[in-house]
Amino acid sequence: MSLLLIFAALVLALFLSNHTQNTTMIAVIGPAPSDRQNANLKIIRLTAKPAKSQLALDNYAAVVDFTAGAPRITTLKNTDFKNQLAAVLAGKSAHVAKSAVQKSKAQQIIGFILMFLLMAGVTNAFIYTEDKEKHLMERIIGSSVSQGKLFLSYVLFLMTLLFVPVWLIFIVLNKFFRVDLGLSLGYYAVLLGIICLIGVSFALCNAAFFKDGDQASMIGSMILVITSLVSGSFFSLSTGHPMWSTLTNWLPQKQILTLTERLSLGQSDQKSWLIFGYLLLVSVLLLMIAVGKNRQTYLQ
């Protein structure tokens, strides 16, 4: 089921990337001073403010309300886009950067499958929770197996279980069906590898705090859904509040999306390596917490 969901998300991402509008749709309410339309910007005049779901579905990149005189911009896009749009409406610029509005094909693919990959890691962690529920953990620890080797075996098995089939899907689509994925298979191997490592590390860390596997899976999945949504996996989300931006920027999902964006732009530079190092560090810390909690439960 996890593989089917991941494959469906990948197909949907490919479909959306091939049918994304080349122009930025802006909904305008009230007496706008002029229609500053160009190749990248198309203004749609409305009599009433559309629902915010229209922004989430990307039917409109922004809603501009002129009823109070000065334009009030409502958007889920990033701050750069909002500033560029304000400049266009003020007549200072006639260009809205496409990169500020539309995600690349690789960003859409990774964004759509990111949450499902991480949740698959939580689901597959049943091999760890079952060892605890069936009291096999006591027998394993009694056999003098170190905690480090024990969790290394969990990581290697779960990584293989998660990475290999998904990687094969990418290879088949690219090599046999000639589907353009937006990035090379080598880059996707790196991105999928770090996503799987983050997912497995989080799954083991989360499961270490619960005796019941179903409860661990439910709590872990809920955390991943919330953090993936606020990270902008499916659509750009920005409130413009500095504290919100700081909090979300520390989330692994946000850093994965940033790394994907940089690789899409050909920026495999020092900053990209720093992001990769940060994600590895988060994975190691999660595994250390899992090992520590397991040791505390069974050895103290």
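The values are calculated or read from the model by the stated rules, or taken from the named source; none is laboratory data. Because the structure is a prediction, the values reported are computed rather than measured. Neighbour counts run over all protein chains shown; Cβ positions are idealised from the backbone, glycine included.
Numbers below:
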read-out	value
Residue satisfying condition, being in contact (Cβ under 8 Å) with a residue 60 or more places away in the chain and in the same structural domain as Phe151 (by TED's automatic domain parsing), within set Val190, Val172	Val190
In segment 17-40, the residues that are of a type outside the set (Ser, Thr, Tyr), buried (at least 16 other Cβ atoms within 10 Å of the Cβ) and at pLDDT below 75	Ala32, Arg36, Asn40
Residue check, Ile275 modelled with pLDDT of 95 or more, more than 26 Å from Ala207 (Cβ to Cβ) and either assigned by TED's automatic domain parsing to the domain that holds Asp131 or in a helix (DSSP H, G or I) (or both)	yes
Residue that is surrounded by fewer than 20 Cβ atoms within 10 Å (Cβ to Cβ), assigned by TED's automatic domain parsing to the domain that holds Phe112 and in contact with a Phe, Trp or Tyr (Cβ under 6 Å, 6 or more places away or on another chain), where the choices are Val284, Val291	Val291
Test set (1) among the small types (Gly, Ala, Ser); (2) modelled with pLDDT of 80 or more; (3) within 30 Å of Phe112 (Cα to Cα) - Ala68 fails condition number	(3)
Criterion (within 13 Å of Leu118 (Cα to Cα) and over 16 Å from the mean Cα position of the chain (by Cα)) met by exactly one of Leu204, Leu192	Leu204
